[in-house]
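Undergrad: Before I ask anything, here is the structure I am working with.
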Amino acid sequence: MMALLFSTSACSNPSTVNTDTARVEKADNKPANNIQTSDDSISDGKTRNNKPAFTTQAVASFDEPWAMTALPKNDNGSSSEPLKLLVTQKTGELFVVDTDSGSKTAIGGVPKVAYGGQGGLGDIILAPDFATSNMVYLSYIEAGTGSKNNTFGAKVIKAKLMGLKTMTPSLQSIVPIWQQTPKVKGQGHYSHRLLFSPDGRYLYISSGDRQAKDPAQDMTVNLGKIIRLNSDGSVPADNPFVRNTNTNDITQQVWTLGHRNVLGMVFDKAGKLWVHEMGPKGGDEFNLIEKGSNYGWPMVSNGRNYSGTDIPDHDTRPDLVAPKITWTPVISPSSMSIYSTGSYNDFPAWQGNALISGLSSKALIVVNLAASNTTNNAPYERYRYDMGQRIRGVLAVDGQVWLLEDGNNGKLLRLLPD
């Protein structure tokens, strides 16, 4: 695939906007390694020669940022009010960011996190009734206690975000919602991505296999699963494994199983739940999530073990749900957002598409979902942009698109359409 070349200026002062921009050039639209084999089936003839180009504007910088979400505007959505984002750092800090000035305000009251490896402070989302409750949901890694202090697991809490209009905002009234069980050794594959259903009733949590493989098929633990809960952490009565009254509480939490490391979850306009997950040596996946289904890890994968040994492909087990897209070489997908116009319409060609941030691929990847709503068609990679840096996060909000670079001095970037 031809790279889309650009260079970006360093943000020397994170409290001010860096007005230098970096241009992302157009390139050919060579498709990804999709399940489909027909080149015609995975290209978009209508837009093939009109790939949107953009520049990037650095707004602020962070040390190991992990997630971001947008705060609602208070003046009925007036564009005159600056957009503010909540941004987490894996090291344990949470900030309010004014995207006009680039200023960052630290939020107090964040629980102590177990930082290391892939672990630390994770995702943050707003409660569906945030406008009246000021409640947020936050995920982070917690260490075990006593003789088990070398074990780790993800934890989800809800808290009231107070003092947003002051210089000392804080999290208060913290309530535990969920935790990975059991805590295990190692510091990888936590997943701990959070998402509310479109109706605001249900909280979805991705729970990684913790690099242990077998837990993804073990229904006595909640590792390697997608979890579905009520907003207070209780189990909905219509979860797929609640019907068996002999099942334990952990089993009843499970919505789907057989997952490796899900770091992106979105609902599309039609209410379908899509996730991407990291494969092993090859075989990153883009999956449509359906109640009670088994997605096969570690029994099947379109990748190989890191040792090079084979794993049976998905087509060997038709009883397990196969991905709609696979990527080999991997893209290392890290987050996902659906583009929709709002007060802005920066990228009309992306309307309804899924935007995926890539780590090892150093890319922004645009996936067309509309094809999945027609007979015998599946989503496909539409565009890929070489960003030159590992991209940790992507957020489409109000018709604008924001990216978070990974690692130390990772910049918050706004994409500006050409």
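The values are calculated or read from the model by the stated rules, or taken from the named source; none is laboratory data. Just so you know, these numbers come straight off a predicted model, no measurement behind them. For neighbour counting, all protein chains shown are included, and Cβ atoms are generated from backbone atoms with ideal geometry for every residue, glycine included. Side chains are part of the model used for accessible areas, which takes the heavy atoms of the whole protein and leaves out ligands, DNA and RNA. Shrake-Rupley method; radii C 1.70, N 1.55, O 1.52, S 1.80 Å.
Undergrad: In segment 56-74, which residues are in contact with an Asp or Glu (Cβ under 7 Å, 6 or more places away or on another chain) and either surrounded by fewer than 18 Cβ atoms within 10 Å (Cβ to Cβ) or of a type in the set (Asp, Glu) (or both)?
TA: Lys73, Asn74
Undergrad: Moving on to the next point. I'm trying to understand the selection: among the residues of segment 217-271, which are of a type in the set (Val, Ile, Thr) and closer than 21 Å to Asp284 by Cα? Lay out the reasoning, then the answer.
TA: Within segment 217-271, the first condition is being of a type in the set (Val, Ile, Thr), and the residues that meet it are 220-221, 226-227, 235, 242, 245, 247, 250-251, 254, 256, 262, 266.
Residues satisfying the conditions are Ile226, Ile227, Thr256, Val262, Val266.
Undergrad: Among the residues in segment 405-413, are any surrounded by 18 or more Cβ atoms within 10 Å (Cβ to Cβ), farther than 19 Å from Ile124 by Cα and touching a residue at least 12 places away in the same chain (Cβ under 8 Å)? Walk me through how you get there before you give the answer.
TA: So the first thing to find is which residues in segment 405-413 are surrounded by 18 or more Cβ atoms within 10 Å (Cβ to Cβ), and the list is 405-406, 410-413.
Imposing the further condition that a residue be farther than 19 Å from Ile124 by Cα reduces the set to none.
Scanning segment 405-413 turns up no residue that is surrounded by 18 or more Cβ atoms within 10 Å (Cβ to Cβ), farther than 19 Å from Ile124 by Cα and touching a residue at least 12 places away in the same chain (Cβ under 8 Å).
Undergrad: Where in segment 160-278 are the strands (runs of 3 or more DSSP E), entirely inside, with at least 2 residues that are closer than 30 Å to Pro379 by Cβ, open to solvent by 20 Å² or more (accessible area, probe 1.4 Å) and of a type outside the set (Asp, Glu)?
TA: It comes to 191-196.
Undergrad: Sticking with this one: Hey, Arg382 hits all of (1) out of contact with any strand residue (DSSP E or B) (no Cβ under 8 Å at 6 or more places or on another chain); (2) over 26 Å from Gly102 (Cβ atoms) but one; which does it fall short on?
TA: So the condition that Arg382 fails would be (1).
Undergrad: Restricting the search to segment 120-136, which residues are farther than 18 Å from Ser197 by Cα and touching a residue at least 60 places away in the same chain (Cβ under 8 Å)?
TA: Gly122
Undergrad: Name the single residue, out of those in segment 137-152 being free of Cβ contacts under 8 Å to residues at least 60 places away in the same chain and in a strand (DSSP E or B), that is surrounded by the fewest Cβ atoms within 10 Å (Cβ to Cβ). Steps first, please.
TA: Pass one, segment 137-152, residues free of Cβ contacts under 8 Å to residues at least 60 places away in the same chain: 138, 140-152.
When the remaining residues are screened for being in a strand (DSSP E or B), the result is 138, 140-143, 152.
On the way: Leu138: 27, Tyr140: 27, Ile141: 25, Glu142: 20, Ala143: 18, Phe152: 25.
Looking at the filtered set, the residue picked out is Ala143.
Undergrad: Answer yes or no as to whether Lys73 is under 22 Å from Val394 (Cα atoms) and part of a loop (DSSP other than H, G, I, E, B).
TA: It is true that Lys73 is under 22 Å from Val394 (Cα atoms) and part of a loop (DSSP other than H, G, I, E, B).
Undergrad: Quickly run through segment 182-198 and pick out the residues that are of a type in the set (D, E, K, R) and in contact (Cβ under 8 Å) with a residue 40 or more places away in the chain.
TA: Listed by number, the residues that qualify are Lys183, Arg193.
Undergrad: Continuing with the same structure: Residue by residue through segment 329-351, note down the ones that are open to solvent by 30 Å² or more (accessible area, probe 1.4 Å), over 20 Å from Lys213 (Cα atoms) and touching a residue at least 12 places away in the same chain (Cβ under 8 Å).
TA: Within segment 329-351, Pro329, Ile338, Ser340, Thr341, Gly342, Ser343, Tyr344, Asn345, Ala349, Gln351 qualify.
Undergrad: Residues Gly282, Gly292, Gly296: which one is over 20 Å from the mean Cα position of the chain (by Cα), among the small types (Gly, Ala, Ser) and open to solvent by less than 20 Å² (accessible area, probe 1.4 Å)?
TA: The conditions single out Gly296.
Undergrad: Continuing with this model, one more query. Listed residues Leu94, Leu121, Leu86; which is open to solvent by less than 30 Å² (accessible area, probe 1.4 Å) and either over 19 Å from Phe62 (Cβ atoms) or in contact with an Asp or Glu (Cβ under 9 Å, 6 or more places away or on another chain) (or both)?
TA: Leu121
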